[in-house]
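To start, the structure itself, in structure tokens.
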């Protein structure tokens, strides 16, 4: 199923896309939960879907999207996790995942503008697959890792490259407001099939900038869960952003950055497409 957070009648709610792909069941209107994170904490996806049925409450085309998980307790981002990206940046290869943190306040929904801040002209794109945790755990083994995953989504780890490179720590460049695109929804693993064949394609104004399948991840989904759950308990609604392929704007000659009037689209098959226009901060 495809679960999402959205606004209906100007109220933040959540639900799922019906089988015809054109309507959304407003599961939040039925009461009991404040949002998707709380549903995951209660392990209630299946019961809500059974209760809601397959008759939509609103047309998909009429909703206003919110970030898929609006209030994750943790967003753990993985850098340098495709060989081509390591090669173009000259970094990585230490044998362990490179993990940094993004805050929920930096997220932006599908179809909403990504904002280039006043302080920088170096707003870059990073198309990525996001894992959403569905079951809590600490020191999770690779063999059990995927049983802790509720679903997968699409993330644009929008990066302010000059601030990212002020020091060896990525955090400043990864947390400007309205730079982290997350959406349009979370697809449950049963609908995806072979996870290794999920394919990322990033397009800037229609031109393909990045393309890779998940099978090329240096540290795979299971390994990332095992590693991250070693140093912190993973909780329902937590997001692990798994890394971007080669082709980022900063590594191009000349560099290619996003600016006002651009359209950045990240497709992950079979999940869908995350699309954001780009604007400058007023």
Note down the Stokes-Einstein diffusion coefficient of the stretch 2-65 in µm²/s, whole number, using a Kirkwood radius over alpha carbon pairs, 10 °C, and 1.306 mPa s.
-> 138 µm²/s
Treating every alpha carbon of the stretch 195-282 as one equal point scatterer without solvent, the Debye formula yields log10 I(q)/I(0) values at q = 0.13, 0.19, 0.25 Å⁻¹ of -0.56, -0.99, -1.23
Pair residue 273, residue 88: separation of 7 Å Cα→Cβ label points (nm) = 2.0 nm
Global geometry of the stretch 4-156, whether rounded, prolate or oblate, following the gyration tensor of its Cα atoms and the 1.5 cut on a/c | oblate
So what's Rg/Rh here for the stretch 136-282, counting alpha carbon atoms and using the Kirkwood radius for Rh?
-> 0.97
Could I have the simple spin-label model distance between residue 42 and residue 30, label points 7 Å from Cα toward Cβ, reported in nm to one decimal?
-> 1.0 nm
Please give the helix 221-231 orientation as an angle from the longest Cα principal axis of the chain, in degrees from 0 to 90, rounded to the nearest 10.
-> 90 degrees
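If packing is taken as the mean number of other Cβ atoms within 10 Å per residue, what is the order of 157-167, 19-29, highest first? Display every interim value, and only then the final one.
Values: 157-167: 19.8, 19-29: 17.2.
Per-residue mean Cβ counts within 10 Å order the peptides as 157-167, 19-29.
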Per 10 Å bin from zero, what fraction in whole % of the C-alpha pairs of the chain is there, up to the bin with the longest pair?
-> 7, 31, 37, 20, 5, 0
Helix-only [θ] at 222 nm, the chain, -39500 (n - 2.57) per DSSP H run of 4+, per residue, nearest 500, equals -3500 deg cm²/dmol
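The numbers here are math on the coordinates, done by the rules we state, and not lab data. This structure is a prediction, so every number in the text was calculated from the model and none was measured. Every residue, glycine as well, gets a Cβ built from its backbone with ideal geometry; the counts of neighbours run over all protein chains shown.
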